[in-house]
Amino acid sequence: MKLYSKQDLANYDLALTYDDISLVPTHISKMKSRVESNTKHKFLGKALSLPVVSSPMDTVTGLAMAKELTSLGCLGIVNRFDSSLKEVLDDAANFKDIKGVSIALNTDDKTIERLAERKAVICIDTANANNKFVLDKCEQIKKKYNVKVIVGNIAHGATLKQLVDAGADAVRIGIGGGSMCTTSIQTGIGIGQVSSLLDVYFTRKEQKLNIELIADGGIKSPGDVAKAIALGADAVMLGRMLAGTKESPGEVIKYNDQLWKKYRGSASFGVKMKNEFIEGEETMIAYKGAVKNVINGISDGLRSAMSYMSCFTIDELRNTETFAILSNSSYLERLPKK
Ligand code: IMP
């Protein structure tokens, strides 16, 4: 079997996603236990205990989620849809723990100024970063304020330099891969998440660009988090993995003797509530309890991956060059059997 480096994977004929690849340990690990691995990582100037960022979706990140993620050493990006954004602005004392907020293209200057005063990371939350109005907004914000700005999303590195020239500090990578996303079905746009991430990764490297990379969409498990970091992502953005928890916005619903919470795409009908073009689905997911348990599970999985791969730090894991491409039967073999 061929061991694939990142460059080999990037040059592969077909687009690949997380289920197509796996990490291959090739060294004798010098680690006694996974607790020796260190998942601390600096992202957008913030020292995170785990490079996990929450999706700015109305069923994922409100104030409770953002606060809890801050206390767990992750970064929560409060969604732009509900009243949370207003609350962040109105109560500086209470909401000093909110480190990230998403805005729309038409969010006014006054709001942006107040977010900038609070040193919150600003995420310009659009479906497509390859758009003049998104880049203009980014440039305006970066010219006026000393804040970090995330733009998104892109699926390919072709425009990365223009994003950097507009001042973007980080970019969300992935179009069509989100679990609630119907973009590819509705439009035919999108590449596998692994290929997207690597294309942007190598563009950054070849053009020596300074921008951080967020693997966004399609991450289903701690193993996928480990794969995304091993592929060079600076952070992962999670929607579904954090949805359905105690801290995600929305009611717990009892149905068929089970507890559920709603999860929906930002471009779903439920969010838009009007007859616009819909690129997102809605669903119910089983209630998971405290988000702390989910984050601990991700941390454990990532540490264990680092122990297998003999990596003491996130940067060591990000330098992984030993991947396998799985046949479909190899992929199926990896799944637990009933
Ligand atoms: P998940 O973690 O696989 O559930 O994906 C979450 C990501 O899906 C978000 O961070 C967005 O990039 C993307 N997303 C959210 N809502 C929509 C939508 O309505 N249509 C397409 N993509 C979406």
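The values are calculated or read from the model by the stated rules, or taken from the named source; none is laboratory data. Not measured: the values here are computed from a predicted model. Note that we place each Cβ from the backbone using ideal geometry, even for glycine, and neighbour counts take in every protein chain shown. Heads up: the accessible areas ignore ligands, DNA and RNA and are worked out on the full protein's heavy atoms, side chains in. Shrake-Rupley method; radii C 1.70, N 1.55, O 1.52, S 1.80 Å.
I want to check the label-to-label distance for Glu139 and Met273. Put each point 7 Å from Cα in the C-beta direction and report it in nm to one decimal.
About 3.6 nm, to one decimal.
Note down, for the chain, the three equivalent ellipsoid semi-axes (square root of 5 times each alpha carbon gyration tensor eigenvalue), biggest first, whole angstrom.
Details: eigenvalues 175, 111, 88 Å².
Equivalent ellipsoid of the chain: 30, 24, 21 Å, largest first.
Which order do you get for Ile21, Ile185 if you rank them by accessible area with a 1.4 Å probe, largest at the top? Each step should come with its number before you reach the end.
Numbers: Ile21 0, Ile185 140 Å².
Correct descending sequence by accessible area is Ile185, Ile21.
Please give the charge dipole size of the chain, origin at the Cα centre, charges +1 on K and R Cβ atoms and -1 on D and E Cβ atoms. Round to the nearest 20 debye. List each step's numbers first, then the result.
Details: 45 positive and 39 negative charges, 136 e Å.
With Lys and Arg at +1 and Asp and Glu at -1, about 660 debye.
Which order do the peptides 256-262, 61-67 come out in when sorted by mean C-beta neighbours inside 10 angstrom, highest first?
Values: 256-262: 13.1, 61-67: 23.9.
Result, highest mean Cβ count within 10 Å first: 61-67, 256-262.
Provide the net charge surrounding Ser184, with neighbours chosen by a C-beta distance below 15 Å and charges set as Lys +1, Arg +1, Asp -1, Glu -1.
Details: positive: none; negative: Asp216, Glu279, Glu281.
Value of the local net charge: -3.
I want the local charge near Ala158. Using Cβ-Cβ distances under 13 Å, sum +1 for each Lys or Arg and -1 for each Asp or Glu among the other residues. List each step's numbers first, then the result.
Numbers: positive: Lys161, Arg204; negative: Asp199, Glu206.
Cβ neighbours under 13 Å give a net charge of 0.
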